[in-house]
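**Student:** Have a look at the structure that comes next, please.
Since every read-out is calculated from the coordinates, none of them should be taken as a lab result. Every value quoted in this text rests on a predicted model; they were computed, and no experiment measured them. Note: ideal-geometry Cβ built from the backbone for every residue, glycine included; neighbour counts use all protein chains shown.
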Amino acid sequence: MNIFEHNKVFILKSLYLFMKNSTFTTLSILIMIAISMVTVSAFATPEGSGIGAFSGNTTVGGKIWASDSTTPVGGANVTVNCNSTMRYTTSLSDGAYSVDYNSIICPLSASVTVTAIKGSLSGSTTATVQSFPYITVNLAIADVTLTPEFGMITGMITLFGALGIFMYTRKK
Amino acid sequence: MMPIMALLILSLAGGVIAKNTVVAGVIWNSDNSAKVPLALVAVTCNSTLKNTTSLSDGTYAVNYVESEGCSDGTTATVTASKGSLSGSSSGTVHDFGLTVNLAIASVTLTPEFGIIAGVLTVFGALGIFMIVRRK
């Protein structure tokens, strides 16, 4: 439970007490907590050490690229696997994708495998969950480059091989 | 009166969740075959500059709080350098509906123009020298 959730539970408990007893003290406590939370948010450092720093999530993100490694691929089906827990998404028009895990499921140093498929193109890559200074979530960055699937490559080689043999035979 | 006050207090408490933006990516060598650690990375989003260094696996990430205006749709520009290699890239901040907004900008490092120009000059000079000598 993060600090914000903890405070929220405390507020609800206090609210219950207030409803029950209607004491001025309880009301004062509630107002003080609300004010302190707003103050913490307002004076959070630029690096985000405020309430958001306790999110406990792991974000896996990256971009899907074509085989030239320069053209982003939108609309690719992306499967993310962290500790056997899968997440599915689709890359945006600029190739970007992102999924979230609870850090209990996908903790620091876990290996993440990202597979992307679009039409006959596919690719896969792995990344490690890292912590970065001042970042409120753990991160794994995994860019995936799509290449023609093996079946496609085999098919092309077979086709060109057959054509080559045909031409060679005809010449003779 | 009491329910109104309770709602007011809860809305105050709930309204403080600010969504940060993370700009992250990988620093690659010139042919995208290897990740580059310890590259100097400069990220600019909504005119706010942040500096960091890529980790041992070539990844980097910087954080922007909501008040810095690096929000959904904003373009983040990333410049990276290591030794005589440098490169830049940009990425758009997306709100994926997750804990943080995210912009991915991976950078490929290539030899700086000065190096390329220098190498071309040297080889050009050598070529001219050889032609002159032959004649």
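**Student:** Here are some pairs, A:Lys63/B:Lys19; A:Lys13/B:Lys50; A:Lys118/B:Lys35; A:Lys63/B:Lys50; B:Lys19/B:Lys82; which of them have Cα atoms lying more than 30 Å apart in this structure?
**Tutor:** A:Lys13/B:Lys50; B:Lys19/B:Lys82
**Student:** Residues of A:124-131, mean number of Cβ from any other protein chain within 10 Å of their own Cβ, rounded to a whole number?
**Tutor:** Mean partner shielding for this stretch: 2.
**Student:** Oh, and also: So for the pair B:Glu112, B:Ser71, with labels modelled 7 Å out along Cα→Cβ, what separation do we get in nm?
**Tutor:** Label at B:Glu112, label at B:Ser71, 3.8 nm between them.
**Student:** Can you give the charge dipole size of region A:64-172 about its Cα centre, rounded to the nearest 20 debye, using +1 on the beta carbon of Lys and Arg and -1 on the beta carbon of Asp and Glu?
**Tutor:** The dipole magnitude comes to about 640 debye.
**Student:** For region B:19-134, give the share of DSSP beta bridges that are antiparallel, in percent and rounded to the nearest 5; count only bridges with both residues there.
**Tutor:** Rounded to the nearest five, the antiparallel share is 85 percent.
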